[in-house]
1. Pick out the one residue from V84, V101, V61, V66 that is out of contact with any Leu (no Cβ under 7 Å at 6 or more places or on another chain) and in contact (Cβ under 8 Å) with a residue 60 or more places away in the chain.
2. Do we have A129 as touching a Cys at 6+ places or on another chain (Cβ under 7 Å), closer than 20 Å to V61 by Cβ, of a type in the set (G, A, S) and surrounded by 15 or more Cβ atoms within 10 Å (Cβ to Cβ) here?
3. For region 12-65, which residues satisfy the criterion of being over 30 Å from K171 (Cα atoms) and among the small types (G, A, S)?
4. Looking at L103, is it closer than 21 Å to R157 by Cβ and either polar (S, T, N, Q) or under 15 Å from the mean Cα position of the chain (by Cα) (or both)?
5. Of all residues in region 161-201, which are of a type in the set (S, T, Y) and in a helix (DSSP H, G or I)?
6. Which residue pairs have Cβ atoms closer than 6 Å, lie 6 or more positions apart in sequence or on different chains, and pair a first residue in region 35-52 that is under 16 Å from V84 (Cα atoms) and buried (at least 16 other Cβ atoms within 10 Å of the Cβ) with a second residue that is among the polar types (S, T, N, Q) and at pLDDT below 95?
7. Pick from I80, I133, I159: which is β-branched (V, I, T) and more than 24 Å from A54 (Cα to Cα)?
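The values are calculated or read from the model by the stated rules, or taken from the named source; none is laboratory data. Only a predicted model underlies this, so the values are computations on that prediction, with no experimental measurement involved. Note that each Cβ is placed from the backbone with ideal geometry, even for glycine, and that neighbours are counted across all protein chains shown.
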Amino acid sequence: MALYPTEQLIRPHIAGTRSVGLWLLLTSVVGAVASGLLMHERIQLWQDADYTTACDINPWVSCGLVMDSWQASSFGFPNIFLGVIGFPMAILVAVTILGRVQLPRWYWIGLQAGVSFAMLFCIWLWSQAVFVIGALCPYCMVVWAAVIPMFVIVTTRNIATGVLPVGPGLKKLSADWWWVVIVLIYLVVAGSIIVQFPQVFTG
């Protein structure tokens, strides 16, 4: 089967169609599972206000405490709904990509908008959990961990294929260092947690 025209220039780069599809599928499945677990815990809390969630480990690691905050319903409804709807949609997109369907540019722009929103929202939720609420939700952190590579890899693909018009220098930088960006973001998140919640690790 013929390759996308732009793919001929970038294989076996991470931005190749199959690589993007596999990464998107993996991260979407992880995000969907975490969102499903969060939804289960949220339903239990709706049914019983005294319910202790499975991830209420201590005062600093508590899904229940985070769910009770106003940040957990940032748009007037539980944030969980975004994940429960969004990640299955991303799985569908991933399967479409893996099926070698030639998608138009506007489709990739739409996917870029979706993963960019998810990334920005996760950054805000991370800042609120770590620096404002003062509690960590393990299932939420799994969602963050899934969204980070999802965003970076879709963005890398769109830069490489010209969906996001950038100069050749930035295109090469993105192609060579995408994995470093993912690692650095993980390190920033992990570092902030270690600094803000030392008691979790020291007892």
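1. On the way: V84 fails: in contact (Cβ under 8 Å) with a residue 60 or more places away in the chain; V101 fails: in contact (Cβ under 8 Å) with a residue 60 or more places away in the chain; V61 fails: out of contact with any Leu (no Cβ under 7 Å at 6 or more places or on another chain).
Result of the check over V84, V101, V61, V66: V66.
2. Working: touching a Cys at 6+ places or on another chain (Cβ under 7 Å): yes; closer than 20 Å to V61 by Cβ: yes; of a type in the set (G, A, S): yes; surrounded by 15 or more Cβ atoms within 10 Å (Cβ to Cβ): yes.
Here the answer is yes, as A129 does meet what is asked.
3. Let us first name the residues in region 12-65 that are over 30 Å from K171 (Cα atoms), namely 32-65.
Residues satisfying the conditions are A32, A34, S35, G36, A49, A54, S62, G64.
4. Details: closer than 21 Å to R157 by Cβ: yes; either polar (S, T, N, Q) or under 15 Å from the mean Cα position of the chain (by Cα) (or both): no.
When the stated conditions are applied, L103 does not pass them.
5. Within region 161-201, S174, Y186, S192 qualify.
6. What qualifies is E41/T53.
7. On the way: I80 fails: more than 24 Å from A54 (Cα to Cα); I133 fails: more than 24 Å from A54 (Cα to Cα).
The unique qualifying residue is I159.
Quick grid of which residues meet (1) surrounded by 12 or more Cβ atoms within 10 Å (Cβ to Cβ); (2) in contact (Cβ under 8 Å) with a residue 60 or more places away in the chain:
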| residue | (1), (2) |
| --- | --- |
| G162 | yes, yes |
| K172 | yes, no |
| V180 | no, no |
| L187 | no, no |
| A190 | no, no |
| V200 | yes, yes |
